Amino acid sequence: MTQWRKSSYSASDGNCVEVGRGAGVRDSKSPSVELPLTARQWSLLLRQVKSH
């Protein structure tokens, strides 16, 4: 089972993204739906987010 964590930047109103080590990302309001990402894909996603 994957342990999920919320970003420290998440809002207190429940609108947040959770990250699961070795699994991907998911919306905390719909935890049954996951976006699986490899380590490389995660790195590329972070680079894209940080550049905008």
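The values are calculated or read from the model by the stated rules, or taken from the named source; none is laboratory data. These figures come from a predicted structure and were not determined experimentally. Virtual Cβ from ideal backbone geometry, glycine too; neighbours counted across all protein chains shown. Just so you know, the surface numbers come from the protein's heavy atoms only, side chains and all, with ligands and any DNA or RNA stripped out. Shrake-Rupley method; radii C 1.70, N 1.55, O 1.52, S 1.80 Å.
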Notebook entry, point to check: Does the chain come out rounded, prolate or oblate by the C-alpha gyration tensor, with a ≥ b ≥ c the root eigenvalues, rounded set by a/c under 1.5 and, if not, prolate when a/b is larger than b/c and oblate if not?
Noted result: oblate
Check: Roughly to the nearest percent, how much of the accessible area of the chain is carbon and sulfur, given a 1.4 Å probe?
Finding: 54
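Give me the net charge of residue 26's neighbourhood, meaning all other residues with Cβ under 13 Å from the Cβ of residue 26; Lys, Arg count +1, Asp, Glu -1.
+1
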Check: What does the helix-only formula give at 222 nm for the chain: each DSSP H stretch with n ≥ 4 adding -39500 (n - 2.57), the total divided by the residues, and the result rounded to the nearest 500 deg cm²/dmol?
Finding: -8000 deg cm²/dmol
Next item on the list: Answer with one residue from 44, 28, 16: the one whose Cα lies farthest towards the positive end of the charge dipole of the chain, charges on Cβ with Lys, Arg +1 and Asp, Glu -1.
Entry: 44
Next item on the list: Give me the distance in nm between label points sitting 7 Å out from Cα along the Cα-to-Cβ direction at residue 34 and residue 3, one decimal.
Entry: 1.5
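Could you grab the relative contact order for the chain? Cα pairs under 8 Å, six or more apart, rounded to a whole percent. Don't jump to the answer; show the numbers that get you there.
Numbers: 63 pairs, mean separation 12.2, N = 52.
For the chain, the relative contact order is 23 percent.
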Note to self: Multiplying the sequence separation of residue 50 and residue 10 by 0.36 nm and subtracting their Cα-Cα distance, what value in nm do you get?
What the structure shows: 12.8 nm
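Quick one: accessible area per residue over the chain, 1.4 Å probe, rounded to a whole number of Å²? Display every interim value, and only then the final one.
Details: 4460 Å² over 52 residues.
Each residue of the chain exposes 86 Å² on average to a 1.4 Å probe.
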Item checked: Computed magnitude of the charge dipole of the chain (debye, nearest 20; Cβ of K, R +1, Cβ of D, E -1) -> 220
Check: Taking trypsin sites (Lys or Arg not before Pro) that fall in a DSSP loop and have at most 12 other Cβ atoms within 10 Å as cut points, what is the longest piece of the chain between them?
Finding: 30-52
